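Encoded as structure tokens, the structure appears first; notes follow it.
The values are calculated or read from the model by the stated rules, or taken from the named source; none is laboratory data. Model, not experiment: these values are computed from the prediction. Cβ sites come from the backbone with ideal geometry, for glycine too, and all protein chains shown count toward neighbours.
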Amino acid sequence: MAPLHLVWIKRDLRLQDHEPLRRASEQGHPVVAFWLMEPSLEAHPAMAPRHWQWQYQSARQLQAALKPYGIPLYLLYAEAVEALRHLADTLPIAALYSYRETGLQITYQRDQAVARYLREAGIPWQEYDRNGVQRGRRDRQGWDAAWRHYMQDTQASRPNVIPAAGMPFDPLNAWARRYALPPQKRKDLQKWPNAFQKPGEAAGQERLHAYLDQGLYYAYHKHISRPLESRESCSRLSTYLAWGNLSLRQVYQAARARYATGDHRGALRAFISRLHWHSHFIQKFEMESRMEWENVNRGFDALDRREMPTLLEAWKKGETGYPLVDACMRALQETGYVNFRMRAMLVSFLTHHLWQPWRSGVEHLAQLFLDFHPGIHYPQMQMQSAVTGINSVRTYNPVKQSQDHDEQGRFISYWLPALQELPNELIHQPWLLSTWEQQWYNLKLGRDYPWPVIDHQEAARAAKKKLFPAKNWPQVKAESRRILARHTTATRNINDRTRDVIRSS
Ligand SMILES: Cc1cc2nc3c(=O)[nH]c(=O)nc-3n(C[C@H](O)[C@H](O)[C@H](O)COP(=O)(O)OP(=O)(O)OC[C@H]3O[C@@H](n4cnc5c(N)ncnc54)[C@H](O)[C@@H]3O)c2cc1C
């Protein structure tokens, strides 16, 4: 019997521009793909049912898309080494193909265990770089050019069609039965609230083309910080990119093609530079993954942030008494999305105003974000909580953000119906309502909407008083120098980089 070429589908739930599928199908046949729901990862505190539902439903679509190519895709509930060992005990395996994953410590350790097992079993593992992120780098010299080259390179063509003859279906089906998803789990994985984006490669392609071809991007710049309008004017591609329903190269090349037509180029430049940020942050995490659990700048360990359960609960439930903060948290719970500025404000409120450690909120947000990607999430959490030492300290005033970006309180009214009758001048600061006004608007503070959990102006002053001097602590400065040397190219600033990202090949 011909040995199997195995493809492990992870955060790359697509048919197109899929290097491992392409390469495996070039080698001979049979080719078999599998996707795993790993119980150990399922139990990780950053993972939530919505992440598994997205993956499962995308994987079901991929299963159907791979059928005409003669490549069966098995969806299994198993730990990776165990599933591989069991298959290799039953059938000969020529090689395993997959993308290289920049993930949580738990997935990194799992990959090491898989590599050890495969070495012992004499099975080669062909891993491919994902979205221009490179393993084994010590610094960023030459990284931008390599990224550009990767993004402009030809996309992987679809896999070759594999003849049905010779596919060992009986032992494969026995393998699939052994690690089948339990019926109740499968039922839960099929649920999908209407308020979430549609999962899958086809939906990702549809959004990409609608975004670029129907001119939805025209207002990208204008509305980027606005919680309501950005839900259309931003691309909303992050979830498709995080789970690999689209490759970054597909999005980059489509945006560049649009750029060539000369339509609203400023907006496209800003959008394309974000695509670069996507890989830039993941590369940071790839090179310093301890960011998952400790401050990247160890100098900040001396800051005295302590968990305060009552404040944390109020933040998590969207009951802080600050309407924009609470509305964002409710929007996240219901839809899995808010724009970048609102995410930054949620973190600033948690870590500056409430003076909580970023660790105490990082997993809560990860669970809510449909687009959770550890490589972006952890570095962004640290950056917004001002523990990198290399970025400016940004304390977002929750009232000003609200007045500037949701002037008429439309976003707030939608997510906090208790406040919907309030006029513009009060919806951003309901604590200013007099007793008479509370009766008039039928809103009793403390009953229908909470009083503020802190005084935001006082809290911001206190945070800045601690954060600004900390930037000059000797250990913070020494660590900042180390971080700059490792994660940036000293001679070039962000504008140079943005210009390069856009520059024609
Ligand atoms: C605390 C915090 C946590 C975050 N966690 C995640 C996460 O887990 N997963 C995630 O994809 N993004 C994360 N982001 C980055 C950013 O908020 C989202 O990528 C963006 O809001 C997604 O919306 P969009 O697809 O409409 O983005 P667009 O503005 O249309 O941008 C296009 C793409 O560029 C990338 N991108 C945009 N902004 C950023 C950024 N600031 N950093 C890195 N990449 C960016 C995304 O892949 C995005 O899909 C986080 C930001 C913060 C402040």
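Quick notes
- A single member of R497, R461, R481 is part of a helix (DSSP H, G or I), at pLDDT below 95 and either closer than 30 Å to L268 by Cβ or among the charged types (D, E, K, R) (or both), and it is R497.
- So R148, is it surrounded by 12 or more Cβ atoms within 10 Å (Cβ to Cβ), of a type outside the set (V, I, T), in contact with a helix residue (DSSP H, G or I) (Cβ under 7 Å, 6 or more places away or on another chain) and not in a helix (DSSP H, G or I): no
- In the stretch 327-342 there is at least one residue that is within 16 Å of the ligand (Cβ to nearest atom) and at positive phi.
- Answer residue from the stretch 108-125, given it is in a helix (DSSP H, G or I) and aliphatic (A, V, I, L, M) and is farthest from A2 (Cα to Cα) among those: A113
- Residues in the stretch 151-194 that are basic (K, R) and either part of a helix (DSSP H, G or I) or under 21 Å from S25 (Cα atoms) (or both): R158, R177, R178, K185, R186, K187.
- M167 vs. criteria crowded, with 18+ Cβ neighbours inside 10 Å, over 29 Å from G266 (Cα atoms) and of a type outside the set (S, T, Y): yes
- Restricting the stretch 231-243 to residues that are more than 7 Å from the ligand (Cβ to nearest atom) and in a helix (DSSP H, G or I), the residue that is nearest to the chain's Cα centre (by Cα): T239
Residue-wise test of (1) surrounded by fewer than 21 Cβ atoms within 10 Å (Cβ to Cβ); (2) within 16 Å of the ligand (Cβ to nearest atom); (3) assigned to a loop (DSSP other than H, G, I, E, B).
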site	(1), (2), (3)
R249	yes, yes, no
D263	yes, no, yes
F271	no, yes, no
L275	no, yes, no
H278	no, yes, no
L311	yes, no, no
G321	yes, no, yes
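- Filtered residues of the stretch 213-225 (kept if away from the ligand (no atom under 12 Å from the Cβ) and outside any helix (DSSP H, G or I)): Q214, G215
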